[in-house]
Every structure is written in C-alpha cells, then in structure tokens.
Amino acid sequence: MSSLLVEALVSNCSDPRVVLNALCWSTDTCPEPERVEGLAVLMGKMAKLPGYRDSREAGSREWVSSQEEEQEGGTAEGRRRELLSAACRLLGVCVRVCGPELSERLVRSALPALRPPDADVDCDAAAAAGGNLLAAVSPALSPRQPPCAELLSSLLDFLKWSPDPLASKALVRVLLALLRDDDDDDDEGTERHLLLERCWAELCGWRASALTARALLCLAALSDRLFPRATAAAGSRPGRCDPWRSEPFWKIVQEGVTLRDAVSRKRAVFLLKRGVAAAQEEALEVRSAQATDTNDSLFRWVPSKSHLLREFWEDYTLVMETLDENQIHVVRPVLNRINTLIETTVSSSQGATLLHPSWLLCVYQRMFHSENKAVMREGVCHLLQLGMLCRPSFALAFAQFIVGPFMDVLAESSLFHRSPGQSIGECPDLGTRLQGFMISFFGGLPQEKRSGVLLQLIRRLASRHWGAVPILFLAQALSRIPPGPILGPDGLQALREVLQSTMITHQVLLRGAAQCFLLQSTLSLTDVSSMTLTEVFSFLTNFRVEESLCRGTALWDQVRGTGLTGRGEDVRMNGKPGLGFVYTQLKAFLRVPPCSEPTGSLPDPWDAELVARVVLLSADVAKRRPGGLATEGLEVLLHPLMDILRRLSTNAYVPLRKADRSLQLLVRVLQLRRGGDNDKVASTIERCVLGVTEQIQEYILRRLSGELCELCDVERAELYHSVLMELVHMYTCVGWHRTSRLGSFVPTLTRRCLRILTEPLEKVLLRRAVSMASLALLCQVGERHRPDLHPDAVCALSSVAKLFYSSNSSVAHLNQNLPKPAVTSDSLDGLVSGWGRMAARFVRDQWTCLRFLLNANIVSEVAELPPASLTLEAAVEALGLLPSDLVLPVLDCMVVLLPQVAQVKESLCVEAVMLALTVVLGLSSNPHDFWPSLEGFIRFAFTRGVLELADAEAPRLTATLQQVASELMELSQTKTGVFNVLIRHCCHSWLSPDQRNGIQAHVLLPSALSHLDILAEACVHGPVFRKDQRLIQEIQTYVEQLGGKCTANAVVTSDGRDEQFPRLRVLAFLSQLEASHPLHQRLIEELVLRLLKKDEEISKSKVRYYGNSLQHRVKNRVWQTLLVLLPKLSKEFVVTILSRVYEAGFCSNQASVKYLVEWMIILLLHRHPGLMDSLWKCFGVNQEKTKTSICTFLSVLVHLNVLLPNVQDKVGLWRKALDVILQWCFSHNFSIRLYALLALKKVWNLKDVRVNTKDVAGGPDGLGGLAAVVQACLQQAEAMQTTGNAVKNWTRIQDHFFFGTFHPLKDYSIETIFYTFPSLSELADDEWIPVWKFERLVEFPQNSVLPLRNPRQDLSQLHPGDWVQQDKGMAEREERWAEVQKKMTPWRLSIQEQDPELQLALQQRAARLGKRHSALLVVASLIDKPTNLGGLCRTCEIFGASTLVLDSLRHVSDKNFQALSVSAELWLPLLEVRPTDLVDFLQLKKREGYCIVGVEQTANSQSLQGYRFPAKTLLLLGNEREGIPANLLQLLDVCVEIPQHGVTRSLNVHVSAALLIVYTSKDFLLG
C-alpha cells in the first residue's frame, strides 16, 4: 500500500483507528506482506497526528501483544524473506510508539536465536530472522537498559560462529544502532562508550585466521565510532578507544590485507587509511607496541617524519589496491612503488625503526595469492631481487616468510618458464635469480641463525610433494649457498626425507640432477664434526647409483675429496682410523648370530648397499692420501668377505644367512666398482674375486641343482643369478682368457636343470621354476658371449632344444605351465599365494631359452624342426597368457618366425601383429616396461624379412603394418618418443644391409614406397605440446646443456625421445639417397609430391591458420624438407611441380613459410634458368586472386642478381624484370608498392647488366624513357621522410635480413634452413633445430652442395624481427612501462568530512507532466566524475528511476555533466547526500522498506542474469576507482555482479549502472 494512499485515508478519516483495525488480522492467519507494509506506514502516519498518542500507545501495545508470535512464526520459504522484512519494519514503528519496554521484550525474545545451535540443527533462518528483528528494534534501546550488555555479548559470540554472512551483516547493523553516537544525554553517551570499549576489547582477541574477516567486518562498520570525526569537539564525548594506538588493531589489519577474500582485504585497507589519517590528525608521536623496544611496533607515527610516513602509506595503499586488479599490465607499472616502499623502510631502519618490514611481506604475500600467474611470478621475481636482505635485521625479519609462504609459492612449476628473449637450454630467469637470492639471504642472516633457518627450509621441502622443476632449481640454489658448517644430524635426516618423499615419480634426468645438487649442498654445508661416519654413509645410500652418485664421476670424486667421508690417518673414530672403521663395519655386517634360523627370507639388501659404498668410498679416499692405498691394504680390508666366499663350497657349516649376506655384498661391490681406466681399486677387487670364483660357482651350482624348494628360495635364486651375471660381466672386463670360461659350470648346471624339468610335476614344482630360470640365464649368457664360452658349454646349451622340440616335430613343451599346488599344510600357504607370478615367469623363461636357440640357429642342428607356423601359434598363445610386462622374449622370437610364416599363413601373421600391438599399448602407463616392449614389437612387426616382401606377396600384412604405423604416429602426438623408435628402425632397415641374413639395402628400399606415410610424417613431425609438457622438455634440455657440471648427464642414459629426432633421422636418411639411383630418385619424387599435397591441404582447409599454430609449423617443415631435397630433383620433375610451387606462393602464408617458398623459387630458377618464363606468368594473374601475395614474386626479383649468371640473355631478363616491377610500383596497396620499389632499387643497381645495355640500340640512355621513370620512382622512395611512418617502413624493409644480408646460394646450408631462418622469422624457438643436434643425435652425411654449418656468419649475427611486426613489438615494450592505469586520487580525500546536513532538490516538472516513475532509487554519491554522472542522469530519466542521489548538486551546473545529461536533470528528482552521511541514509531507506543492492564482485555475489530485483530497490554504485567502501558493504542486502567473458575485468561505472537500471526497470517498462 503506497504512502500516498495511506496519507489520504488518514487525512479523510475521522477515526483512523477504524483503518487500523481493518488492516489488522487474526492470530490464526498469516497476512500478506503488502498488508503488513501498509499497516507499518499507517502507524507511522498516525504517530504524527495530535491527540492520538494515548490511543496509539494502547493500540500498539495491544496489537503487538496479539501479533508478535504470528510475525515470528514465518510462512512458506517463497515469501518468508519478504514477510520478515515487512514485519520487522512494522515492529520498528511499534517500538518507537510504545517505548523502551516493548523493545526490551522483543530483544529478549530474539536473543535465543543468536546462541550456538546443536550439531544437527539448521539455525540459519532463525538467526537471519533474529538479526533482522534486532536491527529493527535496537535503535529504540537505551544503553542503560539491561538487555544492551547481554545483547552486545550475544552479538559478538554470534559473529564468531555464524555461517551465514547475510545474518552477520544484519547483526553488524545492530551494532551500529546499539553503539550509535547521537545521544544528547552525556550519561547515555558514557554508557555507549563503555559498550564500545567492551566491543573493542572483545575484537582484540579475535586473532584466529578464521575470525579475522569477521573482526574486519565489525571494525569497518564501527569505523565512524572508533575513529571520531576531526570536526567533533575534543571534549564532546567522554573518553576515546583509539584502536589505531594498539598493536592488536594493526595485527588484524595486517592479516586482513593478505586474506584471499577481496571484500575483507578492502575492509582492511579502509581501516589502514582511517588509522593513518587518525594518527596524522593527532599530530603526536604514536607507537602501537608499548614495549621499550620500538622495533616490535607494527605502527609508529612521528610528527617530524610525517611527510615521509604519509608518502609511504599512500604508496602502500596504492600498491595493495592495484594488486586487486589481478591484471599484469595494471600491476607491473606499480612495482616501482614497491621499490620506493623498500627504500623508505631501509632508510628508516638506520635509527629507530619507523616502518616494520612485515608490511612489505604483506605486499609479497598478496601477490603470491593472486589468481593471475603472471602477477604471482612478478612478485616472486621482485622478492628474489630484494637487495636489502643482505642486512641481518631484514634477513631475520623475512626468515619465517621465506621458509613459509615463499616456499609454498615456489612449488608452482609455471613460474619457471623461460622469460621473453631466452632461448631453449638457458637457465630460466627465475632459476638464476633464485641462486643469487639464496646467497644473499643466507649471507645476510646472523651466523647463529643460519643453521635453524636452513633446517626449517629443508623440512619445508620434505613436508609436501614437489614438481620435478621446482625441486630441481631449489636444490641448485641450495648448492650455491656459501660453504660453512651449518647442517647437523637433523639436517641430514631432513634431506633424507626430501630424497625419499618428493622424488619418487619425477622424470629420471631431472630427478638425478636434483639429487646431484642436493648432495653438493650437503658436502658444502655439513658440520662433519657433529656426526658419525655411520650417519654419513647411511645418508649417502639414498642417492641412486644409476642417477647421481656413481663411482668414477665428478660427484663421486667430490664426495671422497671432502671431509664428509675421510678424515685422515690421524683422525680416529671410536679409537680406530678411517679404514679401521670400515673393517669393523664389514665384519659386523658379515657376523651372524649362532642362533639365527638356517632358512628364511633374504637379509635386507639395504645393509649390503651401505657396506659396499663404505668400502669403495673409503678405498678411494685412502687412495688420495699421501702414499696412496696399497694393494695389500685393500686385500686385507676385503679379507673377511673373501674368506667367507672361499669357504662356501668346502665348508658345509657356513650359515645360510652369512652366505646370503656375503653374496649380496659381492654383487653390490661388483656393481659399484665400475670406474675409469687404470682404476687400481677396481683391479684389486677383480683380482680378489677371481681368486674365489671357482668356489662361488660350485656353491651356486649346488644350490641351484635342487636344494631350493621353498617360496623364499625364489628370491635366493634371483640372488644367485645376479651373482652369475656380475661374474660374467667381470669376465668380459678382465678377459675370458683369465677365467675358466665357465667350462664345467654351464654343462653341469644345464644337465641338472634338464633332469629336474623332466621329473614328475607334483614333486618338483618350485625346483622346476628355479631350473627354468637358471636355463634362461644360461641361454642369455650364451646369446651374448657365445664366442667366449668353452666349447663344452656351447654344446651343453644346444641340448636345451630337446626340451622344446620332440622327435615328432611338435611344440608341445612350449607354454608349459606350472600347476598350482594343493594346500596340504601351513608351510605351502605362502607358496600358493605367489604362484601366479611364478608361473608366468616360468613361461617367459621358456621363450627366453627359445630366443637363444632361434637366433643361434642351434635348433636345426639338434632336432627336427616343426613348421614355423606352429611356433608362431604358440607365440600368439603366449601373448594371451603372459602379463604385458613379460612378453618381450616372445616378441623377440616372433622376429625370426614372422618372415617364415608371412607367405604361408598370412592371417596368422596379421593376428600376431595386432595382438602384440594391443599388448604393448596396454603398457603405455608403465614406462619401465613400455619402451623395451615397444622396441621389441617394432623389431618384430617391421622386421627386415617382412619389409623385403612385395605388396603382392603379403597384401593383408602390408596393409596391417600401415595401420600399425598410423596408430603409432597418432600415439606419438601425446607420448613423445614413440615415433622415434619407429623411424629409427625403419630408416636403419631401409639403408643398412643385413649382413647376417645376406639382405642388401636396395632390396629393402622398395618397401619405403609402401610406407611413404612414415617418411612424410617424419618430415613434418612435432606435436604442439601443452605449456607444462613443454616446460619439462625445456628444463631437461637445460640440464643436458650443463654437461659435466651436472653428474646426472654422465650417469643417466639418454632416452632418445627428443621430439625433433624423427625429423633429424629422416633428413639424414634422405640426404644419403643418391639422385643417380633410379629407385632413390623415385622415392624422393613420391615424397615431394606427398609433401606438396600436405601443404595444399592446409592452405585449402578452413582451420584457423595463425602464427606458430600446428598448421603453420607443418607448412614450415614441409618447405624446409623441400629445400633439403631440392638438389636431388631432376629438371623433368621440376617442370611438373613448378606450378604447384608458384601456387603456394599465392597462398596466404606466415612470414617464415613465405621466405622459404621464395627461397625455393629462387633456387629452382637458378638451377634451371630455362624456366624463367614461367615466373612472368605469375605477374599476369588476376589481381583479385593475388592481392598482396604478389609480394612473394617481387621478393624473388629482389634477388635477380642470383638468377642472372646462368641466363644467356642477361640484358633481356633485366629489361623484362624492370618492366614487370614498374607496373607494381603504382599499385594502390602500400605493401605492394614498398616491395616493388625495393625490387626496383635492387634490379636498377645491377650496374654490370645496366652497362651492358650499351650494346643494345640506344645505349643505357635509350631505354625509351624508362630510365627517367625508374629514377623518379627511386627518388620518390628516398624522399619518404615527409610521409609519416613510410620512411620507417622503407628503411626497415631495406634492412630486413631476407633482402639485405641473406644470399640464397652462399647461405644455403642446414643451419640456415633449420635454425637461422626460423629464429629470424619469429617462429617459436621450439621449432629451431640447432646444428649440434644433427651432429650428436644422428649421423648426418657431409655434403658440399648442402653443408651442415653455414660458412658465412653474417646471418647468425642478426637479431629476430620482421619489418612489419617490429612496430607491434616496440609498442608492446613501450606499453610495458606505461603509467599506472588505475589512477588514484590522494586517499585522504576519501575520508575528509563534509557537511552532514541533507539537502533535498526534488524536481516536480516530470510529475506535473504525468511522467511515470518506478520505485528505483539510484545512489551515486560515491561517483565524482561529472561525465559519468551526466550520462547516469540521462539513463535514470529515460528508464523511469524515482530519484538520483548525488554527493553534491553542484555537479548539475558543470558543463561536462550537462553535455551528457542533455537536460535530463530537469525531469528527474535529484537528492544530495554526502559520502560521509551514506551510512545514516542507507539505514533510513532500509527502514522504509528498500532493498539495498550493490554493484560489487564478492564471494557471495549473485549474477545479474538470474537475480530478480524487488519493487523497492536502492541501487548503490561504487567509486570509479575504489568501488564501494568497506564500511558500506555490510549495509548491502545483496551484491550483484555483471557476468564477464573478456580479459578486461571492469566496466565503466556508467555502463555498469545502465545495465542494472535496465534490469531493475524491465518489469516497470513492460507493465
């Protein structure tokens, strides 16, 4: 019910109580919200009528008494909020009429809703209702009423646990009313001040991070009470809280500016401004901390330094507000303000500290929390360059921040991407800065604090999982810390946790590099005197031999050269010198208690690892001492081990556990012994072991011949096999002539294993498994070392064939399985549980033996062979039986079988290939087994015997292989390295002869035509990786470029998975082809046609073709390959493809492709000058088709000097070129004119040809007036300095590398094509192929026509940059350092006080004209730009807003306002409300029933598209720069945000307001 209708009823009714009774309702009904609103308006009007006071009070009390419970009862959820709002307004009117008694009763009835609920009770609705009720009635409370103190306590408790921010904001409004500062009574003012002090004391205790946001909410709401206005008289109010004088206030503010909630940060900055302003107005020295040490004060104000302090806090708030923009181009320009803050802080620390360094940490932490990774990176880089950390006081103040938030942000891998201008292989900029930072930071720390800080930092590393890239650069930075005794035993333990917990799944090379750097850090920072050698050696076992700490490397030498493992003869440990300690450790390891069990599982191999490293490191350390380590000394050291090994075969009473330990130690010593040449330690070890090999072999022979019969013995058998393999490796190193060559061992073990395998199954199940594994081991030895073995050993291994092939030529014994034993006792229970894996290995070992027999051609010598198809069928069956990680021996056997069966049973071969592919692809997530299996599969599927078959001989198999190749190429797009294996094998097979099978290379080459897709794909291979994938590859390249500086490069074997390898390999293959060979020539021509077709498909496709896209890269790779193949093309073939090359020039190409096409045309015409006439036809093509593509052919004419030498009629060609070029010098397109003028200048300057025109009729001056035209054109080109940017473009195109330095013939090299041209054409640097890759990764043939390296260095000295794109790059560089986009007015203006009186300027013209208005009230008091206000006034008038509120009506007379409003102010009611009075104004409008809507992005904002505005809406607009102030946010009922999809994060305030006004007025306009 409108106020006008109620006013009319009251004025025309003799007894308003009749209307009052008519609007009331019974207690058993629920009224409509409109009825309640009408009743509230009526009672408000009646309160102003004389003569009705007593009746009003009585009626109100009676009504409230009867209606109170009904109002609190609520209704359906759909209208609950609307009814609740109306009822609260009604109760607000009632308490003003009825007095404090009613308000006290209502407060007590609402307090239970503020108490913490039970665990399963949803109290949000009750809390919201109670909060709105209290907000309505609390203005009528007197501070002397008893409920006030209780209400304050309940409110503060509720704000701690309340989960509903809307309820919290409602209760903050209660605080505002309860602690208002408008009492005329001094006693009430004193009471309110006591309540305010109590509230402040309570808020000081809210230090938990979860409560900081709530504390900021309350402090911002009470800011006008806590920070009195400067205009108020000093004695007008008793006492003052002055929170800005206390340390808790600044701690809350400091925590608030780093919160992740944007609204809370805004409140914190607002309070910071108010606190600084209050301190400045006080003009007294202020120190927040009351301690005697002023360095502990978060805030200090000194009047004599007020100018310095004011500038500091202005810059500080500017930086903090700008960081909320989250846009790097906005944030980056204010970074120099951070430098100003730092300089101010450092200068203030010379005496008593004025500015606490922790404020700077808040800036960095805010940047670290940014959603924009670029802002985060700028913050990290800025901190890394902080020079003041060399000061002990600042380094110590920053220490906890460094080991906490700073370490957390460094875990973000994306921070370590290369900076612009850095090339692949360089250390990322952030990595370099991190190294310098660690040096300065730890150098600045006080000596006594370094150990503790470093220990915390390392423990932080161990507390989380790190990516491979961050941990690598952190480890590298730690290794740069100046050496010193910093780390103790606790530090080693923390580093051990880092190695064990954070480096499990990293890429191998990066993991190894990180280990190397961590070990270098340990060597330089460990306090050797504080730990034992046992602790040291135990720590060293965490470094993997195959990744970092390997004997013979520089890192191993560095370890043995430090005091960490060797302390000299005079330094004793437990009374013994260093070698004495080793001897003691060795004997302790080999000592076994007499009561130890005779059988059981193997000892822990970690103990053997520890002792082996102790022995070798100590031996190497002793060798460095004066006099070195005598051979006899090392033999004495190893004597306990050799003694046990010597007694193994003769002493039956050697405990099994002691034998196991000795063999474990022997294996690790032999594995770790490998070093460089002339290694005396390794030679001594080998000599000692050679003395006991007979005994070791006899012991192992006895054990493997039938003594192993329990499940734990399977591991023991693997140990024995490892010993045998290490002995074989040692024999290879020392020479087989110095050994027995396993003469009696192999035959004896072979016979015994064959005997066990022929016994009944039920008796020797486990022995059969061990025997088959032993035979597989012997076959592997025979396969690798057959020429070195004793003839008796070879003969014995040949007898293994009888196990698989019987006399009836069957393969019944292949894939023979081990039946699962029945469980008859507890002892067999464990055996059965692991039987499945054992049975699978049993089958795998059978195929390992068969692989040896097939490859050695032994089978045919000892048995009648069955058909190869039967064996291949068994292999297919094995693929289905075995786990995927055990199929490699089967695939190796199929390499021999497939060619024999291909023409007999082609369908079986197809089935075998597809099944094997499925099995291998199933291993793609297991890199340890996938890559060996993939290589085995490709050897099998693309074996030479299959490749030599013609398509007609095995068409289905050939088609299947083409399908397999296609699937592998598709997989390589996501798994780098797959295609590398395929192309390496195929190229090797096609050109390298098979000596063993007598297959010549030319026999296999025709199969390349059948698999031309492989070659074509290899020429353009190179997927576009995600940024994170590219980062790993680039960092791996960086580690590889470190070379000997990182030991991991010498230890970790290269995986050969460079994504550029397929292109390198195919280019090397193509370069080996000979143009004179017909088959080679055919292959080259077919490949050229395939590549041209690929280029045409891309040009005609509708896929977006932008710079460095996949389409761009493929086209670039196509033309690079064509340039390599060009010298091998015959003239006849060139004639057939030249038109297609020209057609490519007409296409719209990126710059890099354009240059390659032009170069290709130049070289073709140079080699075949008779084709020049075809070039002139290109200039006669329809101009609509050519557009600017004609520039390609003009660029060709720029290099006419290259084409002339091979042409007979040089003058005619020169004249023809001039005629053609001059036609395009007058084109309407500026780019074409520029290219034409450049070509004209280059051609005209060919003086040798021009001089020769004297032999032509008329001489050089008789060109029919052509000379004058040419001279005029060239003069016009040189006189461009008066035509704006034309002169710049003319200068740049002349200086461009393609037209200036580049020579198509002299620069024709692999380096120019694949490295120099891409780098100068602004192609992404991951497309550049450096020359060293051609030299290291492949064997590229030397060629005088196409050399590998460019003989000229002119091009390599140029810098990238295309003449057209250069302007753009300069603009971007200038924009980087532009002024701050977010213009900030002095922040003091935002809190200056204004006249509190409200002035009303309602315009009645529109009402008199009958103009309709909606109920929308637009508040623009925070906007200060007249242009925005003028446009807003016009929008409000057009869409029927009821009123526009301004901060001052003086804006109406401003010319800028009137220019945008176009007289709209004459038809729209305008209201003046100053910003300082907005709190009171908004509370007044809320009591009048308005819903306060703010335009702001918060965590609880609602989208504009889905929000339905109430009829009575007050739209509060924020400031153009700072938005809605923090002290007004809690007064909002709802925040609405405009959905955005662009990069720019904010709209102009007028545009934003117009969108909301349209949405709020939509129903009004339609109805």
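Taking the stretch 510-552 as the range and being farther than 27 Å from Asp604 by Cα, open to solvent by 10 Å² or more (accessible area, probe 1.4 Å) and either among the hydroxyl-bearing types (Ser, Thr, Tyr) or part of a helix (DSSP H, G or I) (or both) as the test, the residues that pass are Gln520, Leu523, Ser524, Thr526, Val528, Ser529, Ser530. Quick check on my filter: what residues within the stretch 415-463 are under 30 Å from Glu1040 (Cβ atoms), modelled with pLDDT under 90 and among the hydroxyl-bearing types (Ser, Thr, Tyr)? If the condition is that a residue be under 30 Å from Glu1040 (Cβ atoms), modelled with pLDDT under 90 and among the hydroxyl-bearing types (Ser, Thr, Tyr), then Ser419, Ser423 are the ones that fit.
Might you check whether a residue that is closer than 28 Å to Leu155 by Cα, open to solvent by less than 60 Å² (accessible area, probe 1.4 Å), modelled with pLDDT of 65 or more and not in a helix (DSSP H, G or I) occurs anywhere in the stretch 83-105? For the stretch 83-105, residues closer than 28 Å to Leu155 by Cα, open to solvent by less than 60 Å² (accessible area, probe 1.4 Å), modelled with pLDDT of 65 or more and not in a helix (DSSP H, G or I): present.
For the stretch 452-464, a residue qualifies if it is open to solvent by 30 Å² or more (accessible area, probe 1.4 Å) and in contact (Cβ under 8 Å) with a residue 40 or more places away in the chain, and the qualifying residues are Gln456, Arg460, Arg464.
Looking only at residues of the stretch 698-720 that are part of a helix (DSSP H, G or I) and hydrophobic (A, V, I, L, M, F, W, C), we find that the one that is farthest from the chain's Cα centre (by Cα) is Leu701.
Among the residues of the stretch 428-442, the one identified as closer than 18 Å to Gly467 by Cβ and over 17 Å from the mean Cα position of the chain (by Cα) is Leu434.
Whenever a residue of the stretch 210-226 is in contact (Cβ under 8 Å) with a residue 60 or more places away in the chain and at positive phi, it has no partner that is open to solvent by 10 Å² or more (accessible area, probe 1.4 Å) and of a type outside the set (Val, Ile, Thr) lying with C-beta atoms less than 9 angstrom away and at least six residues away or across chains. Residues of the stretch 835-844 include none that is at pLDDT below 85, surrounded by fewer than 21 Cβ atoms within 10 Å (Cβ to Cβ), out of contact with any Cys (no Cβ under 9 Å at 6 or more places or on another chain) and in a loop (DSSP other than H, G, I, E, B). Lys1254 - would you say it is under 29 Å from Pro1169 (Cβ atoms), at pLDDT below 75 and part of a helix (DSSP H, G or I)? So Lys1254 fits the description; yes. Of the residues making up the stretch 1426-1443, those that are open to solvent by 10 Å² or more (accessible area, probe 1.4 Å) and in contact with a helix residue (DSSP H, G or I) (Cβ under 6 Å, 6 or more places away or on another chain) are Pro1426, Thr1427, Asn1428, Arg1434, Thr1435, Glu1437, Phe1439. Quick one: would you say Val1181 is of a type in the set (Val, Ile, Thr), closer than 23 Å to Lys1100 by Cβ and open to solvent by 10 Å² or more (accessible area, probe 1.4 Å)? For Val1181, the condition - of a type in the set (Val, Ile, Thr), closer than 23 Å to Lys1100 by Cβ and open to solvent by 10 Å² or more (accessible area, probe 1.4 Å) - is met.
A search for C-beta distances below 8 Å between a residue of the stretch 913-935 that is farther than 14 Å from Leu961 by Cα and in contact (Cβ under 8 Å) with a residue 60 or more places away in the chain and any residue that is of a type in the set (A, V, I, L, M, F, W, C) and not in a loop (DSSP other than H, G, I, E, B), counting only pairs 6+ apart in sequence or on different chains, returns Trp931/Val981.
So that you can scan it fast, the table gives a plain yes or no per residue for (1) modelled with pLDDT of 85 or more; (2) in a helix (DSSP H, G or I):
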residue	(1), (2)
Glu762	no, no
Leu766	no, yes
Met772	yes, yes
Gly782	yes, yes
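Considering the conditions (1) at pLDDT below 60; (2) open to solvent by less than 50 Å² (accessible area, probe 1.4 Å); (3) over 20 Å from Asn678 (Cβ atoms), Gly575 is excluded by exactly one of them, (2). Within the stretch 1092-1126, which residues are touching a Pro at 6+ places or on another chain (Cβ under 8 Å) and either among the charged types (D, E, K, R) or open to solvent by 60 Å² or more (accessible area, probe 1.4 Å) (or both)? Answer for the stretch 1092-1126, where residues must be touching a Pro at 6+ places or on another chain (Cβ under 8 Å) and either among the charged types (D, E, K, R) or open to solvent by 60 Å² or more (accessible area, probe 1.4 Å) (or both): just Leu1110. Total residues in the stretch 1444-1499 satisfying the condition of being hydrophobic (A, V, I, L, M, F, W, C), under 28 Å from Ala262 (Cα atoms) and open to solvent by less than 20 Å² (accessible area, probe 1.4 Å): the figure is 9. Counted as qualifying within the stretch 906-964 are the helices (runs of 4 or more DSSP H) with 2 or more residues that are closer than 18 Å to Leu872 by Cβ, open to solvent by 50 Å² or more (accessible area, probe 1.4 Å) and not polar (S, T, N, Q), namely 906-921.
So, Leu1083, is that one in contact (Cβ under 8 Å) with a residue 60 or more places away in the chain, aliphatic (A, V, I, L, M) and buried (at least 18 other Cβ atoms within 10 Å of the Cβ) or not? It is true that Leu1083 is in contact (Cβ under 8 Å) with a residue 60 or more places away in the chain, aliphatic (A, V, I, L, M) and buried (at least 18 other Cβ atoms within 10 Å of the Cβ). What are the residues in the stretch 721-742 that are in a helix (DSSP H, G or I) and touching a Ser or Thr at 6+ places or on another chain (Cβ under 8 Å), if any? Selection gives His721, Leu727, Tyr731. Of all the criteria given as (1) open to solvent by less than 60 Å² (accessible area, probe 1.4 Å); (2) touching a Pro at 6+ places or on another chain (Cβ under 6 Å), the one not satisfied by Gln1072 is (1). Residue count for the stretch 1286-1300 satisfying the condition of being of a type outside the set (Phe, Trp, Tyr) and open to solvent by less than 40 Å² (accessible area, probe 1.4 Å): 4.
Residue count for the stretch 985-1027 satisfying the condition of being part of a helix (DSSP H, G or I), buried (at least 20 other Cβ atoms within 10 Å of the Cβ) and either at pLDDT 85 or above or touching a strand residue (DSSP E or B) at 6+ places or on another chain (Cβ under 7 Å) (or both): 12. Per the listing Leu383, Leu410, the residue uniquely of a type in the set (A, V, I, L, M) and without any contact (Cβ under 8 Å) to a residue 60 or more places away in the chain is Leu383.
Listed by first and then second residue, the pairs linking a residue in the stretch 619-638 that is under 15 Å from Asp557 (Cα atoms) to a residue that is of a type in the set (S, T, N, Q) and at pLDDT below 70, with Cβ atoms under 9 Å apart and 6 or more places separating them unless they lie on different chains, are Asp620/Thr565; Val621/Thr565. Output the residue which, of all residues in the stretch 1149-1173 that are of a type in the set (Val, Ile, Thr) and under 18 Å from Val1207 (Cα atoms), is surrounded by the fewest Cβ atoms within 10 Å (Cβ to Cβ). Residue satisfying both the conditions and the ranking: Ile1162.
Here is a yes/no grid of residues against (1) buried (at least 20 other Cβ atoms within 10 Å of the Cβ); (2) in contact with a Ser or Thr (Cβ under 8 Å, 6 or more places away or on another chain); (3) closer than 25 Å to Leu1031 by Cβ:
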{"site": "Met367", "(1), (2), (3)": "yes, no, yes"}
{"site": "Leu389", "(1), (2), (3)": "yes, yes, no"}
{"site": "Leu415", "(1), (2), (3)": "yes, no, yes"}
{"site": "Gln422", "(1), (2), (3)": "no, no, yes"}
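The test for being buried (at least 22 other Cβ atoms within 10 Å of the Cβ) and over 23 Å from Ala1324 (Cβ atoms) holds for Phe441.
The values are calculated or read from the model by the stated rules, or taken from the named source; none is laboratory data. Computed from a prediction, not measured in an experiment: that's the story for all the values here. Quick reminder, even Gly has a Cβ in these numbers, built from the backbone with ideal geometry, and neighbours come from all protein chains shown. We work out accessible area using only protein heavy atoms, side chains counted, and drop any ligands, DNA or RNA first. Shrake-Rupley method; radii C 1.70, N 1.55, O 1.52, S 1.80 Å.
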